[in-house]
Amino acid sequence: MKILALDAVTEACSAALYIDGASRQRYAVAPREHTRLMLPMVDALLGEADLALGDLDLIAFDRGPGSFTGIRITLSVVQGLAFAADLPVLGVSSLAALAQAAYRQRQAESVLSLIDARMGELYWGYYQWQGDRMQLQGEEQVSRLSAIPLSAEAQVFGSGVAARGEALRQHGFTRLNDEAALRYPHAEYIAELAAASPEQAGTVEAAQPVYLRNKVTG
């Protein structure tokens, strides 16, 4: 299976090409540079693999939650590419991608994914490793830190740790990880999650963002 995956919903921008279980990625933390970076990343990955867009099986993308502007940029690029090559698309949660990375890189089987939502709030979701991927426990939500239930076993990953580290400790969370490499979603894990459930892919018209809240924060 050949999957192109795209992500620009946080300060980081990345693209990954997944081919039969192996992936290569382009990744950069470059706020406000996503529009300039994404298509060159795609071109470089396809060129390295000697593939055309039409050789792919599907395009996976980060559907959010995250920056409203970043989600719109991601969707715009995905829709253009998918329409041009008549490819199915599959959205993957940014919070799930963080959790998948936490397992692959740090063997964390219980994860609280946190993304800074600004305005004093966090996007969050609890995940457990089950089978071959991280599975959401309950629902993804956006709230103030005080509304996030405490879990003693979950390790905490994502940009929310950098933004609210001291407050998290005061709230009772102790297993905090603020490594730069695990602060933002990566397209390679979006691709991996998409490869685990390709049957969920649909037409480009069905590609929908997940904002979790209605008020625009950038």
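Structure values in brief
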item: Of all DSSP beta bridges in the stretch 24-170, antiparallel share, percent nearest 5; result: 65 percent
item: Residue among Ile115, Ile59, Ile73 with the largest mean-square fluctuation in a Gaussian network model of the chain, springs linking Cα atoms under 10 Å; result: Ile73
item: Residue of Ala207, Ala52, Ala28 that the Gaussian network model of the chain assigns the largest fluctuation, springs spanning Cα pairs under 10 Å; result: Ala52
item: Gaussian network model of the chain, springs between alpha carbon atoms under 10 Å - residue of Leu58, Leu193, Leu81 with greatest fluctuation; result: Leu81
item: Proximal charge balance of Leu51 [Cβ under 12 Å; K/R count +1, D/E count -1]; result: -3
item: Label-to-label distance, nm, for residues given as Ala28 and Ser143 (7 Å Cα→Cβ offset); result: 3.8 nm
item: Accessible area expressed per residue, the stretch 56-150, with surrounding protein chains retained (probe 1.4 Å, Å²); result: 38 Å²
item: The stretch 1-55, relative contact order [Cα under 8 Å, separation at least 6], %; result: 29 percent
item: Accessible surface of the stretch 24-63 [probe 1.4 Å, protein heavy atoms]: carbon and sulfur percent; result: 49 percent
item: Ranked by how many other beta carbons lie within 10 Å on average, peptides 131-140, 88-97, 175-184 from highest; result: 88-97, 175-184, 131-140
item: At R0 = 41 Å, FRET efficiency that the Cβ-Cβ distance of Met1 and Gln170 yields, to 0.05; result: 0.35
item: Accessible surface of the stretch 85-133 [probe 1.4 Å, protein heavy atoms]: carbon and sulfur percent; result: 40 percent
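The values are calculated or read from the model by the stated rules, or taken from the named source; none is laboratory data. In this text, all values refer to a predicted model and were calculated from it rather than measured experimentally. Using ideal geometry, Cβ is built from the backbone for each residue, glycine included, and neighbour counts are taken over all protein chains shown. Just the protein is used for accessible areas: all its heavy atoms, side chains included, with ligands, DNA and RNA removed. Shrake-Rupley method; radii C 1.70, N 1.55, O 1.52, S 1.80 Å.
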